[in-house]
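K.L.:
Sharing a structure below in structure tokens format, with a few things to ask.
The values are calculated or read from the model by the stated rules, or taken from the named source; none is laboratory data. Because the structure is a prediction, the values reported are computed rather than measured. Quick reminder, even Gly has a Cβ in these numbers, built from the backbone with ideal geometry, and neighbours come from all protein chains shown.
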Amino acid sequence: MSIYCSYLTEKPLDLANGFCLIFLNLYAIIKLNFMPEFALPFTKLDKKSVRLAGGKGANLGEMTKAGVPVPPGFVVLSSAFERFLEESDIGVEIDAELDRLNHKDLTSVDRFSHEMRDMIRQAKTPTDLQKEFLTNFKKLGAKFVAVRSSATAEDSKVASWAGELESYLYVNKAKLLNTIKTCWSSLFTPRAIFYRFEKKLHKIKVSVAVVVQKMVNSEKAGVCFTAHPVTKDRNQMVIEAGWGLGEAIVSGRITPDTYVVDKKDLNILDINVSHQEEMIIKKGQSGSAVVKVKKSEQDKQILSGKEIIELAKICKNIEKHYRHPQDIEWAYEKSKFYIVQTRPITTL
């Protein structure tokens, strides 16, 4: 195009110069409007965005649009991962190796996992993608973010990748790009590979997006099941709560408080307070650490009655919006509840 314009501008005719200028402007407008985006804020995503944003990303966008108190964030779209694989030539190798893989051979799976993850972590992310991710990070105005993998074949009513992929907390700007690559590579952990074969997803194209979300420095956190996970009673919801970050509950490190709430009238039916000696909190400039809970709080009820009802209302509205019982992750910071994830309960 530049050669063509040079040729035109060599002509003494004003018409040629004018035509060239118009042509360049039109090209710039078209390029600007049709350039593919590789990262989008939650506000531009919804539940239909699973193929681009994965289950986590799509749900965070959907809840944001529905007015649920979700910490702001953006999603590194699956198209970014696919572009990365294409430009680094890793994609072809992964497909070929996956076809030959014997998922019943633990040694074979482990070897495949290590090789694929190392290749992804060592390959360079295209420069324009790096710029786009860092620009979106800056817009958040956050010093720290949570970075979570979000598979594109994730969190349906019959299957959930919860716990199969990786998450990282208190990630700063300096570590963002490498953490995104590590999350991409978590699509090939041994657990994720076994899960893919177990759910018969190994013949289906599964990609991965990455959720980047402003970090909630939670004083207390937990989960809420909007249907009783044990009795399957859909008229009851169960809230679990622990001190510090919710990772302590999700990982099974602690036994949380448990509160059972009647979903119809939001009466508290049962309160079970647990002894909690440890919690996970922010450590230093980045990362988290396990510390001791103050003795005075080890046997203290974590959520007050008023807080239980406030959280129950939020979770009830989320279930109403999705029209299906939900498994919800919540956090509490400075007297405010935040919802950091929701997915359908798959065990009903």
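K.L.:
Go over the candidates Ile280, Ile309, Ile249 one by one and state the one that is modelled with pLDDT under 95 and over 19 Å from Ile345 (Cα atoms).
P.N.:
Ile280
K.L.:
Next question. From (1) under 19 Å from the mean Cα position of the chain (by Cα); (2) farther than 20 Å from Glu333 by Cβ; (3) surrounded by fewer than 23 Cβ atoms within 10 Å (Cβ to Cβ); (4) modelled with pLDDT under 95, pick out the condition that doesn't hold for Leu169.
P.N.:
(2)
K.L.:
Here is a follow-up. Can you tell me which residue among Ile314, Ile239, Ile268, Ile254 is β-branched (Val, Ile, Thr), at pLDDT below 95 and not assigned by TED's automatic domain parsing to the domain that holds Phe74?
P.N.:
After applying the criteria, what remains is Ile254.
K.L.:
So how many residues does segment 285-337 have that are assigned to a loop (DSSP other than H, G, I, E, B) and on the phi < 0 side of the Ramachandran plot?
P.N.:
So the count comes out to 13.
K.L.:
Taking only pairs six or more apart or across chains, which ones have beta-carbon atoms under 6 Å, a first residue in segment 321-337 that is over 21 Å from Ser304 (Cα atoms), and a second residue that is of a type in the set (Gly, Ala, Ser) and buried (at least 21 other Cβ atoms within 10 Å of the Cβ)?
P.N.:
Short answer, once both residue conditions are applied: Pro325/Ala227.
K.L.:
Hey, another quick one. May I ask you to list the residues in segment 44-83 that are over 19 Å from Trp330 (Cβ atoms) and basic (Lys, Arg)?
P.N.:
Within segment 44-83, Lys44, Lys47, Lys48, Arg51, Arg83 meet the criteria.
K.L.:
Now, a different point. Are there helices (runs of 4 or more DSSP H) fully within segment 48-131 with at least 2 residues that are without any contact (Cβ under 8 Å) to a residue 24 or more places away in the chain and of a type in the set (A, V, I, L, M, F, W, C)? List them.
P.N.:
Counting at least 2 such residues, we get 90-100.
K.L.:
Among residues belonging to segment 292-312 that are touching a residue at least 40 places away in the same chain (Cβ under 8 Å) and over 24 Å from the mean Cα position of the chain (by Cα), point out the one that is farthest from Asn272 (Cα to Cα).
P.N.:
Top of the filtered list is Val293.
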